[in-house]
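Take a look at the structure set out below.
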Amino acid sequence: MRRKMSWRNLFLSVYGWLFLVFIYVPILLITVFSFNSNPVNMMIWQGFTFDWYRTIFGFPTELNELTLYVESTDQLYHAVLNSLTVALITTAVSTVLGTSVALAVARFRFRLKNFYRALMFMPMIMPDIILGIALLIFFVSFGFGLGLHTIIIGHCTFLSSYVFIVVSARISDMDDSLEEASADLGADGWTTFKRVTLPLIAPGVIGGAMLAFIISMDDLVITYFISGVDSTTLPVHIYGMLRRGIKPEINAIATVMLAFSFIIASVGLYMRSRKK
(Lines give C-alpha, C1' and ligand atoms only; values in the text may rest on other atoms or scores of the structure.)
Protein backbone atom coordinates (compact mmCIF):
# COMPACT_ATOMS: atom_id res chain seq x y z
CA MET A 1 0.00 0.00 0.00
CA ARG A 2 2.81 2.37 0.89
CA ARG A 3 4.63 1.49 -2.35
CA LYS A 4 1.50 2.13 -4.38
CA MET A 5 0.96 5.48 -2.68
CA SER A 6 4.58 6.48 -3.26
CA TRP A 7 4.31 5.75 -7.00
CA ARG A 8 1.10 7.75 -7.14
CA ASN A 9 2.70 10.70 -5.36
CA LEU A 10 5.72 10.50 -7.66
CA PHE A 11 3.48 10.52 -10.73
CA LEU A 12 1.50 13.52 -9.46
CA SER A 13 4.71 15.39 -8.63
CA VAL A 14 6.21 14.76 -12.07
CA TYR A 15 2.95 15.66 -13.79
CA GLY A 16 2.66 18.86 -11.76
CA TRP A 17 6.20 19.96 -12.62
CA LEU A 18 5.75 19.12 -16.31
CA PHE A 19 2.54 21.14 -16.35
CA LEU A 20 4.28 24.17 -14.81
CA VAL A 21 7.17 23.84 -17.28
CA PHE A 22 4.76 23.61 -20.23
CA ILE A 23 2.87 26.72 -19.11
CA TYR A 24 5.60 29.01 -17.82
CA VAL A 25 8.75 28.21 -19.83
CA PRO A 26 7.37 29.84 -23.04
CA ILE A 27 6.49 32.94 -21.02
CA LEU A 28 9.99 32.96 -19.52
CA LEU A 29 11.54 32.64 -23.00
CA ILE A 30 9.53 35.61 -24.28
CA THR A 31 10.77 37.70 -21.36
CA VAL A 32 14.40 36.61 -21.79
CA PHE A 33 14.51 37.17 -25.56
CA SER A 34 12.89 40.58 -25.19
CA PHE A 35 16.39 41.68 -24.10
CA ASN A 36 18.12 40.05 -27.10
CA SER A 37 19.88 42.56 -29.36
CA ASN A 38 19.65 40.29 -32.43
CA PRO A 39 17.24 42.09 -34.82
CA VAL A 40 16.99 39.26 -37.36
CA ASN A 41 16.73 35.95 -35.48
CA MET A 42 15.42 36.41 -31.97
CA MET A 43 16.20 32.76 -31.05
CA ILE A 44 19.94 33.35 -31.45
CA TRP A 45 21.33 35.29 -28.50
CA GLN A 46 23.52 38.13 -29.65
CA GLY A 47 23.74 40.33 -26.58
CA PHE A 48 21.79 42.10 -23.86
CA THR A 49 19.94 45.32 -24.69
CA PHE A 50 17.06 47.51 -23.57
CA ASP A 51 16.66 48.96 -27.07
CA TRP A 52 13.42 47.14 -27.87
CA TYR A 53 11.82 48.62 -24.76
CA ARG A 54 13.15 52.05 -25.71
CA THR A 55 11.69 51.52 -29.17
CA ILE A 56 8.13 50.76 -28.06
CA PHE A 57 8.18 53.80 -25.76
CA GLY A 58 9.41 56.04 -28.58
CA PHE A 59 12.99 56.68 -27.41
CA PRO A 60 15.72 56.85 -30.07
CA THR A 61 18.09 53.87 -30.27
CA GLU A 62 20.85 52.61 -32.53
CA LEU A 63 18.67 49.66 -33.55
CA ASN A 64 16.06 52.05 -34.93
CA GLU A 65 18.58 53.31 -37.46
CA LEU A 66 20.15 49.95 -38.33
CA THR A 67 16.99 47.87 -38.87
CA LEU A 68 13.59 48.12 -40.48
CA TYR A 69 11.88 46.01 -37.82
CA VAL A 70 10.49 48.83 -35.72
CA GLU A 71 6.75 49.45 -35.93
CA SER A 72 5.25 52.90 -35.89
CA THR A 73 4.92 54.02 -32.28
CA ASP A 74 1.92 56.15 -33.26
CA GLN A 75 -0.03 53.03 -34.25
CA LEU A 76 1.07 51.29 -31.07
CA TYR A 77 0.01 54.17 -28.83
CA HIS A 78 -3.30 54.44 -30.64
CA ALA A 79 -3.94 50.72 -30.04
CA VAL A 80 -3.02 51.10 -26.35
CA LEU A 81 -5.38 54.07 -26.00
CA ASN A 82 -8.20 52.08 -27.63
CA SER A 83 -7.58 49.13 -25.31
CA LEU A 84 -7.60 51.34 -22.21
CA THR A 85 -10.76 53.14 -23.34
CA VAL A 86 -12.59 49.89 -23.99
CA ALA A 87 -11.33 48.24 -20.80
CA LEU A 88 -12.25 51.15 -18.51
CA ILE A 89 -15.78 51.60 -19.91
CA THR A 90 -16.39 47.87 -20.09
CA THR A 91 -15.18 47.38 -16.52
CA ALA A 92 -17.51 50.07 -15.20
CA VAL A 93 -20.57 48.75 -17.05
CA SER A 94 -19.83 45.07 -16.39
CA THR A 95 -19.21 45.70 -12.69
CA VAL A 96 -22.56 47.45 -12.26
CA LEU A 97 -24.46 44.82 -14.28
CA GLY A 98 -22.72 41.81 -12.75
CA THR A 99 -23.06 43.09 -9.19
CA SER A 100 -26.74 43.99 -9.68
CA VAL A 101 -27.58 40.57 -11.10
CA ALA A 102 -25.63 38.80 -8.33
CA LEU A 103 -27.57 40.71 -5.66
CA ALA A 104 -30.90 40.08 -7.40
CA VAL A 105 -30.28 36.34 -7.74
CA ALA A 106 -29.10 36.05 -4.14
CA ARG A 107 -31.79 38.17 -2.49
CA PHE A 108 -34.98 37.57 -4.48
CA ARG A 109 -37.07 34.55 -5.34
CA PHE A 110 -38.54 34.27 -8.82
CA ARG A 111 -39.40 31.65 -11.39
CA LEU A 112 -36.61 30.04 -13.38
CA LYS A 113 -34.06 31.43 -10.95
CA ASN A 114 -31.67 28.49 -11.43
CA PHE A 115 -32.12 28.70 -15.20
CA TYR A 116 -31.25 32.40 -15.14
CA ARG A 117 -28.19 31.66 -13.01
CA ALA A 118 -27.12 29.03 -15.54
CA LEU A 119 -27.51 31.56 -18.37
CA MET A 120 -24.97 33.80 -16.65
CA PHE A 121 -22.40 31.03 -17.03
CA MET A 122 -23.03 30.57 -20.76
CA PRO A 123 -20.79 33.40 -22.06
CA MET A 124 -17.90 31.96 -20.05
CA ILE A 125 -18.16 28.39 -21.34
CA MET A 126 -19.03 29.36 -24.91
CA PRO A 127 -16.03 29.28 -27.31
CA ASP A 128 -14.75 32.77 -28.04
CA ILE A 129 -14.92 32.28 -31.79
CA ILE A 130 -18.60 31.33 -31.59
CA LEU A 131 -19.41 34.36 -29.46
CA GLY A 132 -17.37 36.61 -31.74
CA ILE A 133 -19.16 35.41 -34.88
CA ALA A 134 -22.56 35.69 -33.17
CA LEU A 135 -21.86 39.27 -32.11
CA LEU A 136 -20.62 40.16 -35.60
CA ILE A 137 -23.79 38.78 -37.19
CA PHE A 138 -25.91 40.64 -34.65
CA PHE A 139 -24.21 44.00 -35.25
CA VAL A 140 -24.27 43.65 -39.03
CA SER A 141 -27.90 42.52 -39.07
CA PHE A 142 -29.03 45.56 -37.08
CA GLY A 143 -26.88 48.00 -39.02
CA PHE A 144 -24.30 48.79 -36.33
CA GLY A 145 -21.06 50.22 -37.68
CA LEU A 146 -18.11 48.38 -36.19
CA GLY A 147 -15.98 50.46 -33.82
CA LEU A 148 -15.12 50.97 -30.19
CA HIS A 149 -18.82 50.98 -29.23
CA THR A 150 -19.35 47.47 -30.64
CA ILE A 151 -16.24 46.22 -28.83
CA ILE A 152 -17.54 47.66 -25.56
CA ILE A 153 -20.96 46.05 -26.04
CA GLY A 154 -19.36 42.75 -26.97
CA HIS A 155 -17.05 42.73 -23.97
CA CYS A 156 -19.90 43.58 -21.61
CA THR A 157 -21.86 40.54 -22.79
CA PHE A 158 -19.36 38.09 -21.32
CA LEU A 159 -17.44 40.11 -18.72
CA SER A 160 -20.64 40.71 -16.73
CA SER A 161 -20.65 36.95 -16.14
CA TYR A 162 -17.17 37.04 -14.60
CA VAL A 163 -18.18 39.83 -12.24
CA PHE A 164 -21.41 37.98 -11.42
CA ILE A 165 -19.54 34.83 -10.38
CA VAL A 166 -16.95 36.66 -8.25
CA VAL A 167 -19.54 38.82 -6.47
CA SER A 168 -21.89 35.84 -6.00
CA ALA A 169 -19.12 33.95 -4.23
CA ARG A 170 -18.63 36.92 -1.92
CA ILE A 171 -22.36 37.24 -1.22
CA SER A 172 -22.60 33.54 -0.33
CA ASP A 173 -20.08 34.10 2.50
CA MET A 174 -21.91 37.15 3.85
CA ASP A 175 -24.04 36.96 6.99
CA ASP A 176 -27.66 37.84 6.08
CA SER A 177 -28.43 38.76 9.67
CA LEU A 178 -26.40 41.96 9.32
CA GLU A 179 -28.80 43.29 6.70
CA GLU A 180 -31.77 42.16 8.79
CA ALA A 181 -30.34 43.96 11.81
CA SER A 182 -29.95 47.14 9.77
CA ALA A 183 -33.60 46.93 8.68
CA ASP A 184 -34.71 46.30 12.27
CA LEU A 185 -32.91 49.47 13.33
CA GLY A 186 -34.99 51.50 10.89
CA ALA A 187 -32.64 51.82 7.91
CA ASP A 188 -34.27 51.80 4.48
CA GLY A 189 -33.11 49.63 1.59
CA TRP A 190 -30.68 52.14 0.10
CA THR A 191 -29.09 52.95 3.48
CA THR A 192 -28.67 49.24 4.23
CA PHE A 193 -27.06 48.67 0.86
CA LYS A 194 -24.72 51.66 1.19
CA ARG A 195 -23.72 51.15 4.83
CA VAL A 196 -23.85 47.35 5.20
CA THR A 197 -24.09 45.36 1.98
CA LEU A 198 -21.69 47.29 -0.25
CA PRO A 199 -18.80 47.46 2.27
CA LEU A 200 -19.11 43.71 2.86
CA ILE A 201 -19.11 42.76 -0.82
CA ALA A 202 -16.62 45.48 -1.84
CA PRO A 203 -13.61 43.10 -2.05
CA GLY A 204 -15.58 40.86 -4.41
CA VAL A 205 -16.77 43.82 -6.48
CA ILE A 206 -13.24 45.21 -6.79
CA GLY A 207 -11.83 41.77 -7.55
CA GLY A 208 -14.45 41.21 -10.25
CA ALA A 209 -13.74 44.64 -11.72
CA MET A 210 -10.00 43.96 -11.85
CA LEU A 211 -10.64 40.60 -13.52
CA ALA A 212 -12.96 42.20 -16.07
CA PHE A 213 -10.40 44.92 -16.81
CA ILE A 214 -7.52 42.55 -17.47
CA ILE A 215 -9.63 40.17 -19.59
CA SER A 216 -10.87 43.09 -21.66
CA MET A 217 -7.31 44.34 -22.16
CA ASP A 218 -6.10 40.89 -23.27
CA ASP A 219 -9.04 39.75 -25.40
CA LEU A 220 -8.20 39.01 -29.02
CA VAL A 221 -10.64 36.57 -30.62
CA ILE A 222 -13.93 38.34 -29.90
CA THR A 223 -12.40 41.79 -30.42
CA TYR A 224 -10.97 40.73 -33.78
CA PHE A 225 -14.46 40.01 -35.13
CA ILE A 226 -16.22 43.14 -33.87
CA SER A 227 -13.54 45.84 -34.23
CA GLY A 228 -13.61 48.43 -36.98
CA VAL A 229 -10.92 49.98 -39.14
CA ASP A 230 -9.86 52.69 -36.68
CA SER A 231 -10.65 50.77 -33.49
CA THR A 232 -7.72 48.36 -33.33
CA THR A 233 -6.88 47.32 -29.79
CA LEU A 234 -3.45 46.29 -28.56
CA PRO A 235 -3.95 42.48 -28.85
CA VAL A 236 -5.31 42.90 -32.40
CA HIS A 237 -2.39 45.19 -33.23
CA ILE A 238 0.11 42.61 -31.95
CA TYR A 239 -1.66 39.89 -33.95
CA GLY A 240 -1.31 42.03 -37.07
CA MET A 241 2.41 42.42 -36.36
CA LEU A 242 2.79 38.64 -35.98
CA ARG A 243 1.16 38.03 -39.36
CA ARG A 244 3.98 40.03 -40.95
CA GLY A 245 6.65 38.08 -39.07
CA ILE A 246 7.88 37.76 -35.51
CA LYS A 247 9.65 41.02 -34.81
CA PRO A 248 11.92 41.73 -31.84
CA GLU A 249 9.76 44.46 -30.32
CA ILE A 250 6.84 42.02 -30.04
CA ASN A 251 8.66 40.28 -27.19
CA ALA A 252 9.07 43.61 -25.39
CA ILE A 253 5.39 44.49 -25.84
CA ALA A 254 4.36 41.02 -24.64
CA THR A 255 6.57 41.32 -21.57
CA VAL A 256 5.13 44.73 -20.68
CA MET A 257 1.58 43.36 -21.09
CA LEU A 258 2.51 40.34 -18.97
CA ALA A 259 3.82 42.51 -16.16
CA PHE A 260 0.79 44.79 -16.34
CA SER A 261 -1.61 41.82 -16.34
CA PHE A 262 0.19 40.23 -13.40
CA ILE A 263 -0.08 43.39 -11.31
CA ILE A 264 -3.78 43.90 -12.06
CA ALA A 265 -4.61 40.21 -11.52
CA SER A 266 -2.69 40.16 -8.23
CA VAL A 267 -4.57 43.18 -6.94
CA GLY A 268 -7.88 41.63 -8.00
CA LEU A 269 -7.12 38.29 -6.31
CA TYR A 270 -5.96 40.06 -3.16
CA MET A 271 -9.15 42.11 -2.97
CA ARG A 272 -11.25 39.02 -3.64
CA SER A 273 -9.60 37.08 -0.83
CA ARG A 274 -9.99 39.79 1.78
CA LYS A 275 -12.38 38.90 4.56
CA LYS A 276 -12.93 42.43 5.87
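The values are calculated or read from the model by the stated rules, or taken from the named source; none is laboratory data. Not measured: the values here are computed from a predicted model. Don't worry about glycine lacking a Cβ; one is built from the backbone with ideal geometry, like all the others, and counts go over all protein chains shown. SASA here: full protein model, heavy atoms, side chains in, ligands and nucleic acids out. Shrake-Rupley method; radii C 1.70, N 1.55, O 1.52, S 1.80 Å.
Indicate the gyration tensor shape class of the range 205-260 (rounded, prolate or oblate), computed on the Cα atoms with a ≥ b ≥ c the square roots of the eigenvalues: a/c under 1.5 is rounded; otherwise a/b larger than b/c is prolate and the rest oblate.
oblate
P(r) for the range 73-244, please, calculated from all Cα pair distances in 5 Å bins and given in %.
The distribution over the range 73-244 is 1, 9, 15, 17, 16, 13, 10, 7, 5, 3, 1, 1, 0, 0, given as percents.
I'd like the chymotrypsin sites (Phe, Trp or Tyr not before Pro) in the range 68-149 restricted to DSSP loop residues with at most 10 other Cβ atoms within 10 Å, sorted by number.
108, 110, 142
Roughly speaking, to the nearest percent, how much of the range 126-230's 1.4 Å accessible area is carbon and sulfur?
Roughly 68 percent of what the probe reaches on the range 126-230 is carbon or sulfur.
Per-residue ellipticity at 222 nm for the chain, helices alone: DSSP H runs ≥ 4 residues times -39500 (n - 2.57), over residue total, nearest 500 deg cm²/dmol?
Value at 222 nm, helices only, nearest 500: -24500 deg cm²/dmol.
Using the membrane-span-like helix rule (whole DSSP H runs, Cα extent along the own axis of at least 30 Å, mean Kyte-Doolittle hydropathy at least -1.0), which helices of the chain qualify?
2-33, 73-107, 148-172, 248-273
Taking only protein heavy atoms and a 1.4 Å probe, what accessible area per residue, in Å², does the range 73-244 have with all protein chains in place?
With all protein chains present, the range 73-244 gives 53 Å² per residue.
For residue 117 and residue 20 in the same chain, what is the full-extension length gain: residue separation times 0.36 nm, less their Cα-Cα distance, in nm?
Result for the pair: 31.6 nm of gain on full extension.
When only DSSP loop residues count, what trypsin sites (Lys or Arg not before Pro) in the range 89-145 have their Cβ near at most 12 other Cβ atoms within 10 Å?
Answer by residue number: 109, 111.
When the chain is treated as a GNM, springs tying every alpha-carbon pair under 10 Å, which of 197, 91, 233 comes out with the largest mean-square fluctuation?
Sorting by GNM fluctuation, first place goes to 197.
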